[in-house]
Amino acid sequence: MRFRLLFPVLCAGLLFGLPAAAVDLEKGKEINGTCAACHGDQGAGGKKGEYPRIAGQRAGYLASQLKSFRARTRINIPMYPYTQERELSDEDIRDISAYLSGIELSTKMPTFAGHEDALTRLQMVDKVMIVPRVEGNIEHGEKIYQKQCAACHGKAGKGRGMFPMLVGQYSNYLKRQIDLYLKGDRPHDEEGTGGLLTQLKADDIQDVLAYLTSIQETGE
């Protein structure tokens with residue numbers, strides 16, 4: 001079973017260009033108590049992608065999105081009260097982003113020793129994150145992804161810099177965000193509305209999603 005905080009304080013400080021002491025992971029854990037209402041204690045999201053996975057997401061991306069929610073430049077009604085009423089400061093955002101980015105969710109089902117009670121087994125399984133496979137042409141999806149998406153999101157889909165991790169995210173959530181980009185309801189990073197996504201057909205997008213679910217580290 002792998003579930004641990006892998007984000008050393010030193011790395012957190014380097015990532016944000018600030019002294020290590022500037023990131024308070026305990027404070028981030030405390031703030032996560034609020035996030036857990038929708039995203040779960042381990043940040044795995046839920047309800048088949050209604051709430052996205054935020055565990056293991058890139059800290060820079062999480063921070064930028066929380067600031068966008070707070071400034072209402074990215075409109076998301078459920079997020080509004082959490083960023084506005086709590087009045088998340090830049091420090092709070094830095095702490096919760098660092099905390100969440102350091103959570104690793106296992107992609108392998110646990111091995112039970114045989115003495116666990118039902119609740120313990122349920123909790124062990126709850127710390128596993130495996131996105132269901134989706135149908136599509138995986139080979140075609142890989143070609144499109146590596147050509148159009150890898151430069152920003154990384155060859156393995158784990159994100160780069162300020163660009164988010166895609167692999168291990170709910171496919172339904174990714175598809176919903178793509179639809180928002182294409183409708184112009186959400187800007188696609190610095191490219192403005194749509195960006196490269198406007199060049200892809202529906203089947204291309206489906207194939208990319210199929211490819212992303214095929215490269216999870218499931219140990220198969």
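Brief remarks on what is shown
- For segment 101-114, the criterion of being free of Cβ contacts under 8 Å to residues at least 40 places away in the same chain and aromatic (F, W, Y) is met by at least one residue.
- At least 1 residues being crowded, with 18+ Cβ neighbours inside 10 Å and on the phi < 0 side of the Ramachandran plot is the threshold, and among the helices (runs of 4 or more DSSP H) wholly inside segment 99-169 those reaching it are 138-144, 150-153.
Residues are listed down the side, and each one gets a yes or a no for (1) under 22 Å from K29 (Cβ atoms); (2) of a type outside the set (A, V, I, L, M, F, W, C); (3) touching a residue at least 12 places away in the same chain (Cβ under 8 Å):
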residue	(1), (2), (3)
D92	yes, yes, yes
Q123	yes, yes, no
G141	no, yes, yes
F163	no, no, yes
I178	no, no, yes
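- Checking the stated criteria, D117 turns out to be of a type in the set (D, E) and more than 17 Å from N32 (Cβ to Cβ).
- A count restricted to segment 84-94 and to residues that are exposed (fewer than 13 other Cβ atoms within 10 Å of the Cβ), of a type in the set (K, R) and more than 19 Å from Y51 (Cβ to Cβ) stands at 0.
- Within segment 67-83, being of a type outside the set (A, V, I, L, M) and exposed (fewer than 13 other Cβ atoms within 10 Å of the Cβ) holds for R72, T73, P78, P81.
- Of all residues in segment 51-58, none satisfies being surrounded by fewer than 17 Cβ atoms within 10 Å (Cβ to Cβ) and assigned by TED's automatic domain parsing to the domain that holds V23.
- Every residue from segment 37-56 that is assigned to a helix (DSSP H, G or I), touching a residue at least 24 places away in the same chain (Cβ under 8 Å) and either of a type in the set (S, T, Y) or within 18 Å of T107 (Cα to Cα) (or both): K48, G49
The values are calculated or read from the model by the stated rules, or taken from the named source; none is laboratory data. In this text the structure is predicted, and so the values were computed from the model without any measurement. Quick reminder, even Gly has a Cβ in these numbers, built from the backbone with ideal geometry, and neighbours come from all protein chains shown.
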